1. State which residue pairs qualify: first residue closer than 22 Å to residue 140 by Cβ and inside region 78-97, second residue in a loop (DSSP other than H, G, I, E, B) and of a type in the set (Ser, Thr, Tyr) in any location, beta carbons under 7 Å apart, and separation of 6 or more residues or different chains.
2. Please enumerate the residues belonging to region 242-258 that are among the acidic types (Asp, Glu) and more than 9 Å from the ligand (Cβ to nearest atom).
3. Filter region 80-127 for residues that are assigned to a helix (DSSP H, G or I) and more than 16 Å from residue 64 (Cβ to Cβ) and give the result.
4. List the residue pairs whose Cβ atoms are under 7 Å apart, where the first residue sits in region 474-503 and is on the phi > 0 side of the Ramachandran plot, the second is not in a loop (DSSP other than H, G, I, E, B), and the two are 6 or more positions apart or on different chains.
5. Is there any pair linking a residue in region 393-414 that is at pLDDT below 90 to one that is surrounded by fewer than 12 Cβ atoms within 10 Å (Cβ to Cβ) and part of a loop (DSSP other than H, G, I, E, B), with Cβ under 9 Å and at least six apart or on different chains, and which?
6. Looking only at region 173-199, filter to residues that are touching a residue at least 24 places away in the same chain (Cβ under 8 Å) and more than 15 Å from the ligand (Cβ to nearest atom); which one of those is nearest to residue 469 (Cα to Cα)?
7. Quick test for you: out of 214, 255, 218, pick the one residue that is of a type in the set (Asp, Glu), crowded, with 24+ Cβ neighbours inside 10 Å and within 24 Å of residue 43 (Cα to Cα).
8. Of the numbered conditions (1) farther than 30 Å from residue 12 by Cα; (2) at pLDDT below 95, residue 41 fails exactly one; give the number of that condition.
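The values are calculated or read from the model by the stated rules, or taken from the named source; none is laboratory data. Given the structure is predicted, the values throughout are model-derived calculations rather than measurements. With ideal geometry, Cβ positions are generated from the backbone for all residues, glycine too; neighbour counts draw on all protein chains shown.
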Amino acid sequence: MAQHIDNIIETKGALILGAGVAGLFTALKLAPFPCVVLADAHPGTTGSSPRAQGGIAASVGRGDTWQSHAADTIAAGVGLCDPDIAALVAREAPDRIADLVRYGAPFDRSADGSLAVGREAAHSASRIVHVKGDRAGLEVTRALADRVVELPSVTLMEGFHAIELALEDGRVAGLFARTCSGPERRLVLLRAPAVILATGGLGALYAISTNPPETRGEGLGMAARAGAMIADPEFVQFHPTAIAVDVDPAPLATEALRGEGAILVDENGRRFMPALHPSAELAPRDVVARAIHREVVAGHKVFLDCRKAVGAKFAEAFPTVYEACREAGIDPACQPIPVAPAAHYHMGGIATGKTGRSSLPGLWAVGECASTGLHGANRLASNSLLEALVFGARAAEDVRASTQPRLTGGALPAPARYAAPPVPPLLRQTMTRYAGLERDAVGLRHALRIIDQIERAGGHEPSLLNMTVTAKMVVTGALARRESRGGHTRSDYPQTESVARRTFMTLADANAIAAAAPGDDHKAPAALNTIRR
Ligand SMILES: Cc1cc2nc3c(=O)[nH]c(=O)nc-3n(C[C@H](O)[C@H](O)[C@H](O)COP(=O)(O)OP(=O)(O)OC[C@H]3O[C@@H](n4cnc5c(N)ncnc54)[C@H](O)[C@@H]3O)c2cc1C
């Protein structure tokens, strides 16, 4: 039976779901076009954005070029990046950094006043702009949030959890959200001529993750449930060096530490990366993460030794990491930091084109919940905040150009239930164990059975379905990709195929893969979608 809708809110312009860097930047770029920014908490306080440490990649350093940035992005993506998108993002990056400076982002400067740039893994030049060492995410998000709250074109709605997209005549016409607090949960329908999802990633669906609890993959799940095309869902990036001190989310020992010369060693001080890759500790993330994972599986403990490379300047140069270590009783200036890989970033997401448009009319997606083709099979460090900025600006321009600010009207069929349960621990354990750093068909099939049980036990509650559907997209994408590439490693298919193909699949495709006989996963429709665009 359909629920009673407590309130219908008419949004004249765009409705942005999510208040991380992607949502906030899009709202700023939309102005003076009206928009509502809806999020579960105050802008700038939730999602992965305030946690970002390294910074933002852009070819603003002396002698650097956007062509070199694009080439590094493409090399990290192991054949799956869309070269046009990589070029477009690298070319527009310096302008988006200039926007951030205008909005008040306090980037670190060199002695001559130019932007200071750091170096991170797999970048061939120093091109990471940063703030106070490792506080880029916090300071940039704060600067954007401060601007957004002052803008007359933006209406902020805090304390709402979105659960489902509202559809009308095959078009996304708004979304359903419930209040997060108060004695009574209320169901609200927000109608809007343009809906922009900026809901971030899915790290919290994994038991060991650097992402906060609100990164539940719900935007992707909502879009998939509404029929949107999803791209490359199987590609999850695991950060090699989460600090292994049993804290959830796992604090991060930023890549910049390895950029400074910190080395990875086992409990006996044995350095293992130089034998595995010419760039040693600065090899692409997937290579470093897998190497650490295999050391751990072989019974070793792994440490990031910063004593020589950073030493006494640790507290000043990397205050966030320093604080996290001190809280765990470790002094990183004179003790090695215990580390382990953790789910960190989703390369896959809602398939979007150059303007952030999804396959569903009325729906755009920006930031980590989208898959633009920039990252391919493996994201280059510090390219994700950049992607959120570039496509936030492009989506804003497209929405402004194609949407009439108008009021819509009337109720739409509401979901029957609207609780917002926490991520079931069983789902998190299942994803880490069977859809983590190394996968195989037997484990992935087992994961699908568990996901199905969780869905049934939850009575198909929409918010839970958003999570299980996202998990199912990751697992079925991983089943259909019978090779190892970038962030996706199949122990039963270790080869990398000569032809690189992106995955494009709908929820119907995922269900077909789940229903296929074991061994027939690759014959299900999603495998054919790998060449559809
Ligand atoms: C520890 C860490 C360090 C990182 N370091 C870097 C770095 O140095 N450089 C870099 O480029 N990237 C980095 N990343 C990745 C980067 O931070 C993210 O990819 C980026 O911030 C994503 O921004 P976003 O706006 O798309 O999503 P988020 O910042 O995650 O924001 C999502 C928003 O959506 C809201 N939301 C989600 N679902 C719902 C719902 N159902 N209802 C209501 N609201 C909802 C959330 O509350 C939040 O407001 C890092 C990530 C982590 C976790």
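1. 90/59; 93/59; 94/59
2. Residues satisfying the conditions are 246, 248.
3. Narrowing region 80-127 to residues assigned to a helix (DSSP H, G or I): 83-103.
Within region 80-127, 83, 84, 85, 88, 99, 100, 101, 102, 103 qualify.
4. 486/286
5. 413/2; 414/2; 414/4
6. 173
7. Selected residue: 218, the only one of 214, 255, 218 that is of a type in the set (Asp, Glu), crowded, with 24+ Cβ neighbours inside 10 Å and within 24 Å of residue 43 (Cα to Cα).
8. Checking residue 41 against (1) farther than 30 Å from residue 12 by Cα; (2) at pLDDT below 95, the one that fails is (1).
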